[in-house]
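Participant: Below are the structure tokens for one structure; questions will follow.
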Amino acid sequence: MRVHVALVVSFEDVRNYFKGDHWKVSEDEDGFSADSEAYEVRLKSKGATYGVEIEASDDPSDSDSKTTDDPVGFITKFLGTGTEADDILKKMSSFPDPTLLSRLLTRTANLVESEVITIQASKRIIRRAIVATFGKSFRAMLAAVVRAAKGQDARADEITKLRKVMKEKGWKVSQHEDDKGHAVLEVDVSGVYTATVKLDSLLWDYTFQVQDMPESKDEGVTDDPIQQFRLFYKDDSTQEAKSELKKKRKSEKEAAPEEGTVPAGKAGRKKVEERKESGKTREQERDETGDTLFAPTNLPPSTGRVPKFPT
């Protein structure tokens, strides 16, 4: 098991910690579940913040950065121009229509000619127009980058489609680590803008419990579910609950009918209940009655061949 040192615990950190044959793991978009023979772990992402930067490839002044819980919304808002051209850009982002681009260029030229905007501002509109031609796929592609920064995995079929779309539109996504060991996703948006996204903080709702022992439940909110689980399983009350679980399972195993020792159906259940009430084990009953699986009275007659016992 690896040593956990990251300051921000991502889905990938949790996934790596609760791995191995003794853990049964499942996860969805915001949740993570892990069950072992002794423990039940439930984690849910409560909220995350991201460090986001975006900059025009040929104009550093056309840039912005922010720590936000909605990086997709932040970048989408940044790509608005705050001019009379925004209505066309929004339409271009909603559905493909070649005529919208020509309308945008015409309006931009008119704004420059009438000195409503500067040449520099017109260039920003054109850059945003290029991004707007991606349509609705832009948000989907950016959302995939955000999930990757969080350490989540998109569905295989979804990520395959997104990669194809990104490649077709000239997107390039690379990943490296910052000085804290956190993943930083860098997105080259068709050579027009460069955006970087990294996980800044992540909170988790957690519930830990010893299997079948509801009194052992521990729940709350944490930014480090790995350390929280360590504290849980090292706690004296947790170890006591684990010992009780072991005794409980042993008792249930001893009380369970052995294969072939009692008849099936109501008679079998009645026999088990009688044994529980008497407090006697199967072995004790055999000692008192002399009844054994292969007692002489139960042996089949000798016929010179081996009889076939029912299974």
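Participant: Taking the stated definitions as given, is residue 142 surrounded by 17 or more Cβ atoms within 10 Å (Cβ to Cβ), outside any loop (DSSP other than H, G, I, E, B), modelled with pLDDT under 80 and hydrophobic (A, V, I, L, M, F, W, C)?
Facilitator: no
Participant: Just to be sure, is residue 219 acidic (Asp, Glu) and at pLDDT below 65?
Facilitator: Details: acidic (Asp, Glu): yes; at pLDDT below 65: no.
No: the conditions fail for residue 219.
Participant: A follow-up question, please. Suppose we filter 216, 237, 174 for residues that are in a strand (DSSP E or B), over 15 Å from residue 40 (Cα atoms) and of a type outside the set (D, E, K, R); which single one remains? Reasoning before the result, please.
Facilitator: On the way: 216 fails: over 15 Å from residue 40 (Cα atoms); 237 fails: in a strand (DSSP E or B).
None of the other options fit; the residue is 174.
Participant: Say we look at the range 52-81 and pick out the residues that are in contact with an Asp or Glu (Cβ under 6 Å, 6 or more places away or on another chain) and modelled with pLDDT under 90; which of these is nearest to residue 198 (Cα to Cα)?
Facilitator: The residue in question is 78.
Participant: For the range 184-191, state whether one or more residues are part of a loop (DSSP other than H, G, I, E, B), crowded, with 16+ Cβ neighbours inside 10 Å and under 23 Å from the mean Cα position of the chain (by Cα).
Facilitator: For the range 184-191, residues part of a loop (DSSP other than H, G, I, E, B), crowded, with 16+ Cβ neighbours inside 10 Å and under 23 Å from the mean Cα position of the chain (by Cα): absent.
Participant: Evaluate the following for residue 163: is it within 25 Å of the chain's Cα centre (by Cα), part of a helix (DSSP H, G or I) and either outside the structural domain of residue 23 (by TED's automatic domain parsing) or more than 30 Å from residue 67 (Cβ to Cβ) (or both)?
Facilitator: yes
Participant: Moving to a separate point now. When the residues of the range 154-174 are narrowed to those that are touching a Leu at 6+ places or on another chain (Cβ under 8 Å) and surrounded by 13 or more Cβ atoms within 10 Å (Cβ to Cβ), which ends up modelled with the highest pLDDT? Quick ask: steps written out before the conclusion?
Facilitator: From the range 154-174, those touching a Leu at 6+ places or on another chain (Cβ under 8 Å) are 154, 173-174; that's our starting set.
Applying the additional criterion that residues be surrounded by 13 or more Cβ atoms within 10 Å (Cβ to Cβ) yields 154, 173.
Details: 154: 51, 173: 86.
The extreme case among them is 173.
Participant: Filter the range 221-239 for residues that are closer than 15 Å to residue 18 by Cβ and in contact (Cβ under 8 Å) with a residue 60 or more places away in the chain; which is surrounded by the fewest Cβ atoms within 10 Å (Cβ to Cβ)?
Facilitator: Here the answer is 227.
Participant: Any chance you could count how many residues in the range 192-213 are part of a strand (DSSP E or B), more than 30 Å from residue 234 (Cα to Cα) and touching a helix residue (DSSP H, G or I) at 6+ places or on another chain (Cβ under 8 Å)?
Facilitator: Looking only at that region, the number is 4.
Participant: Continuing with this model, one more query. Report yes if residue 40 is assigned by TED's automatic domain parsing to the domain that holds residue 140, at pLDDT 90 or above, charged (D, E, K, R) and crowded, with 16+ Cβ neighbours inside 10 Å, otherwise no.
Facilitator: Here the answer is no, as residue 40 does not meet what is asked.
The values are calculated or read from the model by the stated rules, or taken from the named source; none is laboratory data. Every value quoted in this text rests on a predicted model; they were computed, and no experiment measured them. Positions of Cβ are generated from backbone atoms using ideal geometry, with glycine treated the same way; all protein chains shown enter the neighbour counts.
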